[in-house]
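Peer 1: Let me begin by handing over the structure; questions about it come next.
The values are calculated or read from the model by the stated rules, or taken from the named source; none is laboratory data. The shown structure was predicted, so the numbers you read here are calculated from the model rather than taken from an experiment. Don't worry about glycine lacking a Cβ; one is built from the backbone with ideal geometry, like all the others, and counts go over all protein chains shown.
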Amino acid sequence: MTTKSYLSGSSVSNEDLEINMTSDNAHEPDFDVVIVGYGPVGQALAALLGRAGHRVAVFERFSAIYRLPRAVHIDHEIMRLLQSLGLSEVLAEEMVPVDDYRWFGADGELLLRFEPRSPAPSGWEGDYMFFQPELERAIDDHACVPAGVTVGRGWAAEGLEQFDERVELTLRRVNEEEPGRLALTGETRRVSARWVVGADGANSLVREASGITRRDLGFQERWLVVDAEPHDLAALAHLPIASQLCDPARPTTVVQSGPRHRRWEFMVLPDEQASDFEDPERVWALLEPWYRPQDGPLTRSAVYEFRSMLADQMRKGRALLVGDAAHLTPPFLGQGLCSGLRDAANLAWKLDLVLRGLAAAELLDTIDAERQPQNEAIIRLAIELGKVLCQLDPQAAAERDAMLRQVDAPPPLDLPALSAGVLHRPVDGGSDPLAGALSVQGLVRSAGREGRFDDVVGRGFQLIVAGGDPLALLSSEQRALIGALDMSVASLDPAAPGGVGDVDGRLTAWLTEHNVYAVLVRPDFYVFGSCPSAGELPELLDALRSQLQLTVTSTTAGALP
């Protein structure tokens, strides 16, 4: 079966997939990739790989999209990922931009006010609040279904075996006796794939069956999470979109989760038990300052334990981990889901190249080098932030408030750049000012069309130059590399071949700020590398070929998709 890069948007039909599922050919796996877990991380990975034309199946315990929210926040980088899946317009009414984030001190007065950049580097608002079931429906309906992804609902993974060329996954049928309560049945099935990905959460079967251990980074707290669907959300318009009450009597989070829902999170104090909050009256007593029974129903009230865990590796043999299967992050940065979706974006383009035969499986080892340091940094920062927000000693809280009121609010969060992996290392031994940084997406105009760069020029690998013809000094092999990777190429000179108008000037300003002529961006939006002049662009492309260990020539490129 011929596959194409996910830039092409090609897909495999469900009919083809059903035929493969029943194949008795032991040498041909049923699928290219099997994903365990169909939350947003598993969905996004499935959609990206399905759009590449790969045979993808996902298996999920629940028979339908889980009706209760979990994550409520994504940032601009993840909005760009959703944009790449064609979901911008679909989700336009479901994403609530965060215009500010407010902290209130022990006295109830404003402590700090954070105002995000607009637009953020990825071309969107810095942060959004949403209702997770709506996000999952959108990805399922508008990204996974068109990509030909097979979804097996009501199947729990219970066994995994790895072989030289494939993995075999044992699944057991699950009956959902009532929402959220599952019962195993006696029906089992076995499927095979070239690769298996665990997107199956904190208690990952894929992680456990693969023998991957994990570390506890030292944070463990219980919080009561309460979600509500107000009759009249406008009546609560006086509440901030996102806020944190740094009250030593009980630290509390108050946010709006999408256009129709509200969430409160209350710290469970050391002398309290989770069972204390099984009494609805206890929950309503906590909500009383903001919300009462006549305001609308509660959709969920439950105590959760927030942890900080990091898997020791994200790949072992033909098994890979993404999302909560690989890392658990305290909620104070709102980066748990974001980190998982970054994992999916990173894995998708690398697995695509491996499945297409353009890169060796060793490319997948770079996932650890790239994702683990950033994930650990996010977890540790969230832990430190939690220590500030959740101070239970009144005297210490008063001292904290006095200190914070003397300083300016810190700038918007910038995540650590990638420091290892598939990154440009100049041959002269110098440093590349942009290698590993998150790229910028600006507004551009081409052929009478104006919009965000990815929509107008193209997604996937991107080569952006300050001016002139980007291809002028390239050899036939370098041009073949661009073709084999379906690389989108643009000059910021509208008069040049492949030229676009830099409508908002952000891309030009970005290149100028770092004194570079060209940037080469990876499909996960991180910069592979840059170069200061047109004459050094051939070396930049050769470095990409070397880093990916690709064998592409002008004669073989024509046979590539």
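Peer 1: Identify the residue in segment 496-520 that is aliphatic (A, V, I, L, M) and under 12 Å from Ser446 (Cβ atoms) and, among all such residues, is farthest from the chain's Cα centre (by Cα).
Peer 2: Ala496
Peer 1: Here's a follow-up. Evaluate the following for Glu136: is it out of contact with any Phe, Trp or Tyr (no Cβ under 9 Å at 6 or more places or on another chain) and among the charged types (D, E, K, R)?
Peer 2: Answer is no for this residue.
Peer 1: Moving to a separate point now. What do you reckon, is Val58 closer than 20 Å to Ala157 by Cα and buried (at least 19 other Cβ atoms within 10 Å of the Cβ)?
Peer 2: yes
Peer 1: Look at Phe104 and say whether it is more than 14 Å from Gly148 (Cα to Cα) and at pLDDT 95 or above.
Peer 2: yes
Peer 1: On to the next question. Given the options Ala143, Ala138, name the one that is without any contact (Cβ under 8 Å) to a residue 60 or more places away in the chain, of a type in the set (A, V, I, L, M, F, W, C) and outside any loop (DSSP other than H, G, I, E, B).
Peer 2: After applying the criteria, what remains is Ala138.
Peer 1: Here is a further query. Being within 25 Å of Ala435 (Cα to Cα), of a type in the set (D, E, K, R), surrounded by fewer than 16 Cβ atoms within 10 Å (Cβ to Cβ) and assigned by TED's automatic domain parsing to the domain that holds Arg80 narrows it down to one residue among Asp343, Asp365, Asp352; which is it?
Peer 2: Asp365
Peer 1: Kindly establish whether Ile383 is hydrophobic (A, V, I, L, M, F, W, C), under 27 Å from Pro433 (Cα atoms) and in contact (Cβ under 8 Å) with a residue 40 or more places away in the chain.
Peer 2: Considered against the rule, which asks whether it is hydrophobic (A, V, I, L, M, F, W, C), under 27 Å from Pro433 (Cα atoms) and in contact (Cβ under 8 Å) with a residue 40 or more places away in the chain, Ile383 comes out as no.
Peer 1: Let me ask something else. Please go through segment 96-110 and give me each residue that is buried (at least 19 other Cβ atoms within 10 Å of the Cβ) and within 20 Å of the chain's Cα centre (by Cα), ordered by number.
Peer 2: Scanning segment 96-110 gives Val96, Val98.
Peer 1: When both residues are 6+ apart or on different chains and their Cβ atoms are under 6 Å apart, which pairs have a first residue that lies in segment 538-561 and is loosely packed, with under 14 Cβ neighbours inside 10 Å, and a second that is modelled with pLDDT of 50 or more and in a loop (DSSP other than H, G, I, E, B)?
Peer 2: Pairs found: Gln549/Ala360.
Peer 1: Out of curiosity, is Thr213 modelled with pLDDT under 95 and out of contact with any Ser or Thr (no Cβ under 8 Å at 6 or more places or on another chain)?
Peer 2: So Thr213 does not fit the description; no.
Peer 1: Taking the criterion of being β-branched (Val, Ile, Thr), closer than 21 Å to Pro116 by Cα and assigned to a loop (DSSP other than H, G, I, E, B), would at least one residue in segment 256-279 satisfy it?
Peer 2: No, every residue in segment 256-279 fails to be β-branched (Val, Ile, Thr), closer than 21 Å to Pro116 by Cα and assigned to a loop (DSSP other than H, G, I, E, B).
Peer 1: Step by step: first the residues of segment 279-309, then only those that are out of contact with any Leu (no Cβ under 6 Å at 6 or more places or on another chain) and within 30 Å of Gly218 (Cβ to Cβ), then the one that is surrounded by the most Cβ atoms within 10 Å (Cβ to Cβ). Which residue is that?
Peer 2: Checked segment 279-309; the qualifying residue surrounded by the most Cβ atoms within 10 Å (Cβ to Cβ) is Phe306.
Peer 1: Another question, then. Scan segment 386-409 for residues that are over 31 Å from the mean Cα position of the chain (by Cα) and either buried (at least 16 other Cβ atoms within 10 Å of the Cβ) or among the aliphatic types (A, V, I, L, M) (or both) and report the count.
Peer 2: Total satisfying the criteria: 10.
Peer 1: Restricting attention to segment 330-350, does a residue exist that is out of contact with any Phe, Trp or Tyr (no Cβ under 8 Å at 6 or more places or on another chain), at pLDDT 95 or above, among the hydrophobic types (A, V, I, L, M, F, W, C) and not in a helix (DSSP H, G or I)?
Peer 2: no
Yes or no, residue by residue, for (1) under 27 Å from Ala106 (Cα atoms); (2) at pLDDT below 95; (3) part of a strand (DSSP E or B):
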residue: Arg207; (1), (2), (3): no, no, no
residue: Pro230; (1), (2), (3): no, no, no
residue: Arg250; (1), (2), (3): yes, no, no
residue: Thr253; (1), (2), (3): yes, no, yes
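Peer 1: Looking at (1) in a loop (DSSP other than H, G, I, E, B); (2) surrounded by 18 or more Cβ atoms within 10 Å (Cβ to Cβ); (3) among the aliphatic types (A, V, I, L, M), which is the only condition Ala202 fails?
Peer 2: Answer for Ala202: the failing condition is (2).
Peer 1: Follow-up. Regarding segment 84-100, can at least one residue be identified that is within 28 Å of Asp408 (Cα to Cα), outside any strand (DSSP E or B), outside the structural domain of Val456 (by TED's automatic domain parsing) and at pLDDT below 95?
Peer 2: Yes; the residues of segment 84-100 include at least one that is within 28 Å of Asp408 (Cα to Cα), outside any strand (DSSP E or B), outside the structural domain of Val456 (by TED's automatic domain parsing) and at pLDDT below 95.
Peer 1: For segment 408-442, enumerate the residues that are in contact with a strand residue (DSSP E or B) (Cβ under 6 Å, 6 or more places away or on another chain), farther than 23 Å from Asp542 by Cα and either of a type outside the set (Gly, Ala, Ser) or at pLDDT 95 or above (or both).
Peer 2: Gln441
Peer 1: Next question. Looking at segment 478-537, which of its residues are under 20 Å from Asp352 (Cα atoms) and among the hydroxyl-bearing types (Ser, Thr, Tyr)?
Peer 2: Once the filter is applied, which keeps residues that are under 20 Å from Asp352 (Cα atoms) and among the hydroxyl-bearing types (Ser, Thr, Tyr), segment 478-537 yields Ser488, Tyr526.
Peer 1: What are the pairs with Cβ atoms under 7 angstrom where one residue, in segment 173-189, is outside any strand (DSSP E or B) and the other, located anywhere, is modelled with pLDDT under 90 and of a type in the set (S, T, N, Q)? Sequence gap at least six, or different chains.
Peer 2: none
Peer 1: Still on this structure: Run down Arg117, Arg113 and say which single residue is at pLDDT below 95, part of a strand (DSSP E or B), outside the structural domain of Phe59 (by TED's automatic domain parsing) and surrounded by fewer than 18 Cβ atoms within 10 Å (Cβ to Cβ).
Peer 2: Just one listed residue meets the conditions, Arg113.
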